[in-house]
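Take a look at the structure set out below.
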Amino acid sequence: MPGQKSAVLFAWILLIPALLYVAAIVAYPLVDTFHLSFTDASLRKTTNWVGWKNYQKIFDTEFAEIIGRTFVWTFLSVSLKMIIGTGGAVLLNAALPGRAVFRILTMPPWIVPMAIGIFMWGWMYNGQFGMISGLLQRFGLSDGPVAFLAYGSTAFWATIITDVWIGVPMVTMYMLAAIQSVPVDLHEAAWTDGASRFYRLRRITLPMIFPAAITMSMISLISTFNSFDIIWILTQGGPSGSTTTMIIDTYSTAIGSKKFGEGAARAVVICLFLSAFAILYFQAVTKLSRRMTT
């Protein structure tokens with residue numbers, strides 16, 4: 001028993017640097033933001049305690065609509081990334097000639113710096129000299145220039161398409177690794193029994209990669225929910241707030257309007273949503289682990 005106690009003590013000593021790092025980088029800013037959310041902090045020298053007033057303001061404004069828009073934007077973007085990425089991984093895993101070249105071609109959206117890729121899409125969406133508008137006019141699908149970022153409905157979908165383009169390569173590579181980890185013996189046994197390629201995909205590959213898909217979807221969900229660069233560079237939340245998500249509204253309130261207390265309250269709400277996502281994720285992973293071990 002003394003040896004066991006010393007081992008536990010030694011383990012805690014090894015954890016101290018990591019705990020201090022988490023406390024300094026994560027815990028303290030989180031607690032400070034939570035405290036700030038109950039004040040009217042701004043550029044003024046005096047800061048007063050206002051209690052729940054900042055949280056009441058959130059739901060007295062159009063923030064409820066912004067929450068709904070954020071969930072729709074996140075759901076559509078993550079769904080498209082998972083569907084396209086998983087389908088691309090299945091195709092890249094198939095015995096096709098030149099598949100190594102195709103794997104390389106999937107990487108540019110991931111390798112190119114995000115800001116450069118977003119600016120490129122912004123030029124493509126331009127109504128006067130953008131490639132997409134030009135192609136629509138050339139093939140007679142549009143009577144004139146189409147400024148995709150000037151209208152709410154098209155701007156909303158334009159930001160989703162850009163986010164999908166940036167996120168699909170990571171999903172593809174992750175799911176390709178999951179597919180290649182499926183035991184070959186299972187496929188060979190099913191093939192010997194006369195199972196078709198589609199049957200093997202549906203009954204062997206997809207169930208085996210489902211835990212990886214859950215993990216990837218959660219990673220993608222959190223990063224998409226917090227996505228700032230794409231929307232801000234393309235539209236800055238416009239036109240007329242049609243692409244304003246929770247993270248954009250938080251930035252505009254805290255940094256743009258210098259209302260740090262109200263911005264902190266919005267940041268706390270975002271943190272609560274992401275914590276709920278994380279809890280649901282761990283519950284799903286736990287259930288999947290129990291099913292696979294029984």
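Accessible area of the chain with a 1.4 Å probe: how many percent of it is carbon plus sulfur?
Ligands and nucleic acids excluded, carbon and sulfur reach 70 percent.
For Thr39, the residues whose amide H sits under 5 Å from its own are Val50, ignoring neighbours fewer than 5 places away on the same chain, with H placed 1.01 Å from N. Taken one residue at a time, the phi angles of segment 155-166 give Karplus couplings (6.51, -1.76, 1.60, θ = phi - 60°) of 5, 4, 6, 5, 5, 5, 4, 5, 5, 5, 4, 6 Hz. Gly and Pro are set to x. Take a quick pass over the chain and tell me how many lysine pairs come in under 21 angstrom between Cα atoms, counting only ones 8 or more apart or on separate chains. Close lysine pairs found across the chain: 7. Does segment 40-159 classify as rounded, prolate or oblate by the C-alpha gyration tensor (a ≥ b ≥ c root eigenvalues; a/c under 1.5 gives rounded; else a/b over b/c gives prolate, otherwise oblate)? Prolate shape, in that a/c is at least 1.5 and a/b is the bigger ratio.
Protection proxy ranking of 154-162, 131-139, by the mean of other Cβ atoms within 10 Å over each peptide's residues and highest first, is 154-162, 131-139. Going 7 Å from the Cα of Leu96 in the Cα-to-Cβ direction, what parts of segment 179-198 have a backbone nitrogen less than 19 Å from that spot? Residues 179-181, 197-198 fall inside that zone.
With the other protein chains left in place, how much accessible area per residue, in square angstrom, belongs to the chain at a 1.4 angstrom probe?
Values: 17890 Å² over 294 residues.
That works out to 61 Å² for each residue.
Note on Phe34 and Lys287: with the Förster distance fixed at 41 Å, the Cβ-Cβ geometry gives a FRET efficiency of about 0.85. Computed from phi, the 3J(HN,Hα) profile of segment 272-284 under the Karplus parametrisation 6.51, -1.76, 1.60 (θ = phi - 60°) reads 5, 4, 5, 5, 5, 4, 5, 5, 4, 5, 5, 5, 5 Hz, with x in place of Gly and Pro.
Over all projection directions, the Cα-based convex hull of segment 139-294 averages an area of 14.1 nm².
Rounded to the nearest Å, what's the spacing between the alpha carbon centres of segment 17-74 and segment 181-256? Just the number, please. Spelled out, the Cα-based centre of one part sits 27 Å from the other. Against the set (i) -0.40, -0.52, -0.64; (ii) -0.53, -0.60, -0.68; (iii) -0.24, -0.32, -0.40, the structure's computed log10 I(q)/I(0) by the Debye sum over Cα atoms at q = 0.07, 0.08, 0.09 Å⁻¹ falls on (i). Couplings for segment 172-177, taken from phi via the Karplus curve 6.51 cos²θ - 1.76 cosθ + 1.60 with θ = phi - 60°, read 4, 5, 5, 6, 5, 5 Hz in order; Gly and Pro are left as x.
The values are calculated or read from the model by the stated rules, or taken from the named source; none is laboratory data. This structure is a prediction, so every number in the text was calculated from the model and none was measured. Every residue, glycine as well, gets a Cβ built from its backbone with ideal geometry; the counts of neighbours run over all protein chains shown. Ligands, DNA and RNA are stripped out before the accessible areas are found, and what is left, the full protein with its side chains, is counted by its heavy atoms. Shrake-Rupley method; radii C 1.70, N 1.55, O 1.52, S 1.80 Å.
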